[in-house]
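Peer 1: Shown below is the structure under consideration.
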Amino acid sequence: MTDYMLEAIKEAQKAMKKGEVPIGAVVVKDGKIIGRGRNKREKEQNALAHAEIVAIHKACKKLNSWRLDGAEIYVTLEPCPMCAGAIVNARIKKIIYATGDTTSKDKLCETICESLRLNHKVEIEKGKYEKTCKGLLKEFFKDKRNKKADY
């Protein structure tokens, strides 16, 4: 059995090597990865190029449908409001994320995914590989701060 969070972590590591915030995501349907994504905002100079959006886009292309019914998305960091909205709109069944966003104290991801306004609800599971993913983020930002100090 494939550990899909490890695949998301590989995407995060690739992002980090490219100087991007290390966030990775994979979309899985029927036991197969149908979309991979990593943060590409700096490379593409695009505010929308979050790991989840990239992975969802690829999954939709693969299935030739915007509906990803029954799919799951594995993400190294709690989805932001934009990504949570995209996950709901894509009809993804479940989000599995490794670590919470330290700036998110209001459970906004959960609020969006469980909103009574929406006709689709998303299950949420969290905490798998939390230490690993938190460590990647801490390492990345520590390195960024150290490089600024060198100027």
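Peer 1: Between a first residue in the range 42-60 that is of a type outside the set (G, A, S) and a second residue that is open to solvent by 70 Å² or more (accessible area, probe 1.4 Å), which pairs have beta carbons less than 6 Å apart while being 6 or more apart in sequence or on different chains?
Peer 2: Qualifying pairs under 6 Å: C60/W66.
Peer 1: Which ones in the range 1-21 are over 14 Å from Y97 (Cβ atoms) and open to solvent by less than 10 Å² (accessible area, probe 1.4 Å)?
Peer 2: Once the filter is applied, which keeps residues that are over 14 Å from Y97 (Cβ atoms) and open to solvent by less than 10 Å² (accessible area, probe 1.4 Å), the range 1-21 yields A15, E20.
Peer 1: Cβ contacts < 8 Å: first residue modelled with pLDDT under 90, restricted to the range 127-151; second residue open to solvent by 70 Å² or more (accessible area, probe 1.4 Å) and in a loop (DSSP other than H, G, I, E, B), any location; separation 6+ or different chain. Result?
Peer 2: Pairs found: none.
Peer 1: Collect the residues in the range 81-114 that are open to solvent by 30 Å² or more (accessible area, probe 1.4 Å), in contact with a Pro (Cβ under 6 Å, 6 or more places away or on another chain) and closer than 23 Å to L6 by Cα, keeping them in residue-number order.
Peer 2: Within the range 81-114, none qualify.
Peer 1: Among the candidates L6, L68, L48, single out the residue that is modelled with pLDDT of 95 or more, of a type in the set (A, V, I, L, M, F, W, C) and either in contact with a Leu (Cβ under 7 Å, 6 or more places away or on another chain) or in a helix (DSSP H, G or I) (or both).
Peer 2: Among L6, L68, L48, only L6 is modelled with pLDDT of 95 or more, of a type in the set (A, V, I, L, M, F, W, C) and either in contact with a Leu (Cβ under 7 Å, 6 or more places away or on another chain) or in a helix (DSSP H, G or I) (or both).
Peer 1: Report yes if some residue within the range 43-55 is touching a helix residue (DSSP H, G or I) at 6+ places or on another chain (Cβ under 6 Å) and farther than 21 Å from K121 by Cα; otherwise report no.
Peer 2: Yes, there is a match, as at least one residue in the range 43-55 is touching a helix residue (DSSP H, G or I) at 6+ places or on another chain (Cβ under 6 Å) and farther than 21 Å from K121 by Cα.
Peer 1: Scan the range 23-45 residue by residue and report those that are in a loop (DSSP other than H, G, I, E, B) and of a type in the set (K, R).
Peer 2: K40
Peer 1: Would it be correct to say that R36 is within 29 Å of K144 (Cα to Cα), open to solvent by 40 Å² or more (accessible area, probe 1.4 Å) and within 11 Å of the chain's Cα centre (by Cα)?
Peer 2: It is true that R36 is within 29 Å of K144 (Cα to Cα), open to solvent by 40 Å² or more (accessible area, probe 1.4 Å) and within 11 Å of the chain's Cα centre (by Cα).
Peer 1: If you don't mind, another one. Within the range 128-149, does at least one residue satisfy the condition of being open to solvent by less than 40 Å² (accessible area, probe 1.4 Å) and in a loop (DSSP other than H, G, I, E, B)?
Peer 2: No, because not a single residue in the range 128-149 is open to solvent by less than 40 Å² (accessible area, probe 1.4 Å) and in a loop (DSSP other than H, G, I, E, B).
Peer 1: Can you confirm whether E78 is in contact (Cβ under 8 Å) with a residue 12 or more places away in the chain, surrounded by 18 or more Cβ atoms within 10 Å (Cβ to Cβ) and of a type in the set (D, E, K, R)?
Peer 2: The answer is yes for E78.
The values are calculated or read from the model by the stated rules, or taken from the named source; none is laboratory data. Every value quoted in this text rests on a predicted model; they were computed, and no experiment measured them. FYI the Cβ positions are ideal-geometry reconstructions off the backbone, even for glycines, and counts take in every protein chain you see. Quick note on the areas: whole protein, heavy atoms, side chains included, nothing else; ligands and nucleic acids left out. Shrake-Rupley method; radii C 1.70, N 1.55, O 1.52, S 1.80 Å.
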